[in-house]
1. What pairs can you find where one residue is in the stretch 150-164 and small (Gly, Ala, Ser), the other is in a strand (DSSP E or B) and at pLDDT 85 or above, and their Cβ atoms are less than 6 Å apart, with a gap of 6+ or different chains?
2. If you check Gly81, Gly71, Gly88, Gly143, which single one turns out to be farther than 24 Å from Val158 by Cβ and open to solvent by less than 30 Å² (accessible area, probe 1.4 Å)?
Amino acid sequence: MKSILFLVLVMVLVWGLSGSAAQYQVIDLGEQGSFWGELWRPLHLNDQGVVCGTAPSETNQWVAFSWRQGGGFSYVPADSGWAGWSSGINNSGVVAGTMEQLGVYLDRAFSWTANDPIYLKPYSFKMKSASAMGINEAGVIAGYAEEPMTTNSAIAVVWTDPDNTQVLPTPIPRLYLSDTFNLVTAINNKNQVVGYSGSGDTRRGFIWTMGDTAAQELGLLAGTVSTVPTGINDAAVVVGYSVDAGYHEMAFIWQNETIAALPMIG
């Protein structure tokens, strides 16, 4: 049972003859450490089969890692007292993620391929905490910045390079005057980002294309109060989940400017 917890399903698609079923290979990334190994979290995979994720260290902190077949694990160096989380990897092998200073609630967004991570410039001196949420093939990273220890202060940002931080344009970052935060959750290769704006438990999903002066709201499923997008592909099809007043979650798909519920499983 324990070994299953360390099994990472890296699925390599093998194309056969037209009309034949796809075949997948399951690759065990291996067990690292002992007790804390149960909490390994492989999170993302690029087209070359390189995996990035987050793993517990021997000091009960978290470290971001990448893994490639034949090359094993590589770990993003972290300063003492900092934990690392990965949020995406592109086909160039660039990992995007966040370092968190434990006990201080200060975050630093980073990109990393080898050696030391490159930290991304915060939005401002006041909002000096920043988190990366995704990266595309051009190396554009999407995420958010916030003022440490301040509730609901997050604003959505993108980084075109480590020193260039762009804020989503007004009146979006916040879709409504009552909204107190907004976050980006994913980015595609056409520099379109998705995220949500909200206040408390009410969240409104949006899509925004870099260079546009406004974002577009994704809308709500019938009977729900929140829309939280989690992914977007290059055709601008968005997936995520909606939440009703009873905190029940349901998956949605948004395409052609229409939001629809995905069928329940069981």
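1. Ala154/Tyr144; Ala154/Leu183; Ala156/Tyr144; Ala156/Leu183; Ala156/Val184; Ala156/Gly195
2. Details: Gly71 fails: open to solvent by less than 30 Å² (accessible area, probe 1.4 Å); Gly88 fails: farther than 24 Å from Val158 by Cβ; Gly143 fails: farther than 24 Å from Val158 by Cβ.
Residue meeting the stated conditions: Gly81.
The values are calculated or read from the model by the stated rules, or taken from the named source; none is laboratory data. Model, not experiment: these values are computed from the prediction. Cβ: placed from backbone, ideal geometry, glycine included. Neighbour counts: every protein chain shown. Side chains are part of the model used for accessible areas, which takes the heavy atoms of the whole protein and leaves out ligands, DNA and RNA. Shrake-Rupley method; radii C 1.70, N 1.55, O 1.52, S 1.80 Å.
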